[in-house]
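Working notes, structure below.
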Ligand SMILES: [Ca+2]
Ligand SMILES: [Ca+2]
């Protein structure tokens, strides 16, 4: 089966006015990075502005059958991106951050009440086994620390685990 068949771009993505080259870079990066993560099917959610606060977060969903990719760009001019993610299964979730060498990004995960659940830093970082419940919301805050993101968007991969 070709990787193209495995990529399901959401309707929300189609509606977004996002620079095409960044979107294609993101998808290319997703195809590449799928080789190092566990699941075949993916949903891709692109950052669209403005999303600089918890209350203006971009929406995303993760269920037990698909990895969800949050893709976008942060910079000196756009320090913060927020996503509001609904988990459509009960189990655990792994969160993986992928970014370029020359950019420093931190990622914070909050529960619905705003309590910090996990933090990811560094070029590639992975948090395992976060307990999640069906129908709950989580916030993912991507914060630009330093460096410029010129050739590739960040990717935050949300990987469901329901086998344990
Ligand atoms: Ca952004
Ligand atoms: Ca933003």
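Read the figures in this text as sums done on the coordinates, not as results from a lab. What you are looking at is a predicted structure, and each value in this text was computed from that prediction instead of being measured. Using ideal geometry, Cβ is built from the backbone for each residue, glycine included, and neighbour counts are taken over all protein chains shown.
Kindly provide the Kirkwood hydrodynamic radius of segment 39-103 in Å, to one decimal, from all pairs of distinct alpha carbon atoms. The partial results should precede the final answer.
Values: mean 1/r = 0.0765 Å⁻¹.
By the Kirkwood definition, the hydrodynamic radius is 13.1 Å.
In nm, give the distance between the simple-model label positions of residue 100 and residue 28, each being 7 Å from the Cα along the Cα-to-Cβ direction.
1.2 nm
Which FRET efficiency, nearest 0.05, do residue 75 and residue 116 yield, Cβ-Cβ r, R0 41 Å?
In this case the efficiency is close to 0.95.
Can you give the FRET efficiency for residue 129 and residue 49, using 1/(1 + (r/R0)^6), R0 = 35 Å, r = Cβ-Cβ distance, to the nearest 0.05? Can you show the working numbers first?
Values: r = 32 Å, r/R0 = 0.92.
Computed FRET efficiency for residue 129 and residue 49: 0.60.
What is the packing order of peptides 65-71, 126-132, taking the mean over residues of other C-beta atoms within 10 Å and listing the highest first? If you can, show how the numbers build up before the last one.
Details: 65-71: 22.6, 126-132: 15.1.
Result, highest mean Cβ count within 10 Å first: 65-71, 126-132.
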